[in-house]
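Bear in mind these aren't lab numbers, they're just calculated from the coordinates by the rules spelled out. Worth saying up front: this structure is predicted, and the values here are computed from it rather than measured. Ideal geometry is used to build each Cβ from the backbone, glycine not excepted, and the neighbour counts take in all protein chains shown.
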Amino acid sequence: MGRVIVLGSLNVDVVTRVERHPMPGETLLGEPGGRFAGGKGGNQAMAARRAGAAVVMVGAVGTDEAGDAYLARLRAAGIERAVSRFPDAPTGTAYIAVDEGGENTIIVVPGANAWVQDASMKSVGAGPGDVLLCSLEVPLHDVERMALLAHRAGARVVLNMAPYAPLLADAVAICDPVVVNESEMRQLADSDLVPGSLLVTFGAAGARWGAEQVDGIPVAPDDVADTVGAGDAFCGAFAAALAAGADDRTALEAANRAGADAVRWAGAQPDAAL
C-alpha cells in the first residue's frame, strides 16, 4: 500500500451562519458558527487518513497560535508533517458564510500558504505506489514542480483543480485524474489544457470518471449540516483508495460515500473546532 502525499493549504475556517447569502452591497446579520481546522490540503489529508491511508501533509503555517493548533491536530491524527513555518505570515484563514440550506460562500486569505518551501516538498520522497494529491490554494509553481517531480519518481498524481487556475500543460497532462466540479469543468474546457484523465463531480448528483459513473447518495435535508469540505472529503477518500490499489470503480464509489458523509457535520472536517 502506498502513501497519500497531500500538497495544499492549511487554513483556519471562521464560519458564520446566515439566513441567506447577501446581494452585492447588502449587509446581513449572521450568527457565530465557530472556528475550525480547514484549508483544502488539510481537509483532504484528514479525509485520506480517515479512509485508512498513511498520509504526509506538505504545506505551511505561521508561527502563531493557529499554526500550533493545526500542527497538533495533524500530529494527533497520525499524519506525517512536512510543514514549513513562517514568522512573517499568519496561518491562512477562510471566512465562510453558510445559509439555511447548507450552501456556502468562502473568501480565503492565504497567509503562510503562499510560502511552501522546496525543502518540505523534496523531503517526502514520493515514489511508486504513492499518490500525490494537489489542490490550488497554494502557489501554482509549487504544484507544478511537485507534480512533475512526483511523476518522474513513479508516483501517481491526482489534481483537484480548485479553485480553478491554469497550470503548465505538461503538469496537467500527467494528472490521472484531474478532479473538477461542473464550473471548473467548463473553465477547463475553455482552455487548451488536456489532463491525463478527467473526473467530474456533480454534487448531490454523483460523479463521473471516464466510463465510470456513480449516482449521488441521498441525504435527508434535516441531516445536512453544511456542504463545506464535501469535495475535499471526496478527493481525500479517492486518493486513499487509489493508494490502497483499488480499481477505478471502487475508488469512485469510496469517494462518493465520503463526500455524502461530509455534509452531515458542521465544518470542513469532523470534530475540527480549534
Legend entry - Potential lengthening between E182 and T105 on full extension [0.36 nm per residue; Cα-Cα distance subtracted]: 26.1 nm
Inset, instruction - Sticking with the crude label model, points 7 Å out along Cα→Cβ, report the distance from A114 to S197 in nm, one decimal please. - result: 3.7
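Around L252, what is the net charge, scoring Lys/Arg as +1 and Asp/Glu as -1 over all other residues with Cβ under 13 Å from its Cβ?
Here the count lands on -2.
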Inset, instruction - Please find the FRET efficiency linking A165 to L29, where r is the Cβ-Cβ separation and R0 is fixed at 45 Å, and quote it to the nearest 0.05. - result: 0.85
Inset, instruction - Divide the volume of the convex hull of the Cα atoms of segment 156-239 by its number of residues and quote the answer in cubic angstrom per residue. - result: 94
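I need the helices of the chain that pass two filters: whole DSSP H segments spanning 30 Å or more by Cα along the axis, and mean Kyte-Doolittle score no lower than -1.0. Don't skip to the end; give the middle numbers.
Working: long enough: none.
Answer set is empty.
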Legend entry - Directionally averaged shadow of segment 13-167, computed from the convex hull of its alpha-carbon atoms, nm²: 10.4
Legend entry - Virtual spin-label span in nm between K122 and R20, 7 Å along Cα→Cβ: 5.5
Legend entry - Distance-filtered residues of segment 20-49 - backbone nitrogen under 20 Å, label point 7 angstrom along A72 Cα→Cβ: 34-39, 42-43, 46
Legend entry - Pair T63, R249: separation of 7 Å Cα→Cβ label points (nm): 5.4
